[in-house]
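Some notes on the structure that comes next.
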């Protein structure tokens, strides 16, 4: 009787094991790390797609899981970002990020929309702004990078 129960339990458990196999082979899920700061993301004299070291040191950080091909939205601390992410080529190739964003800080704001190519793990200066005011100049900036995690 005990052998019959063990055999039944083993047979009933087999389909669950078979179904779990393909799910574990699914493509990794991307995580978008966003940094934003009331500081310059890039130099106006020498614009670069890579954020300035000072920006990286001062910026706040937020990580959000994204689903490729599905629109997403985030809003926090004056930052709002609508985005869609698509793989450009192959499972380990770069990503295409389409976005519309706005960052409002006490001293200024910036906004942009566009499409950028993002390589896995590399930071990209997404948008930023410089405003001259009666109380001095102010900068705002936003940068992103994509990381993948296992399901």
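Please treat every number below as a calculation from the coordinates, not as lab data. Because the structure is a prediction, the values reported are computed rather than measured. Virtual Cβ from ideal backbone geometry, glycine too; neighbours counted across all protein chains shown.
With neighbours defined as other Cβ atoms within 10 Å of a residue's Cβ, the residues 77, 119 order from fewest to most as 77, 119.
Note on segment 26-149: Kirkwood hydrodynamic radius from all Cα pairs is 14.7 Å, rounded to one decimal.
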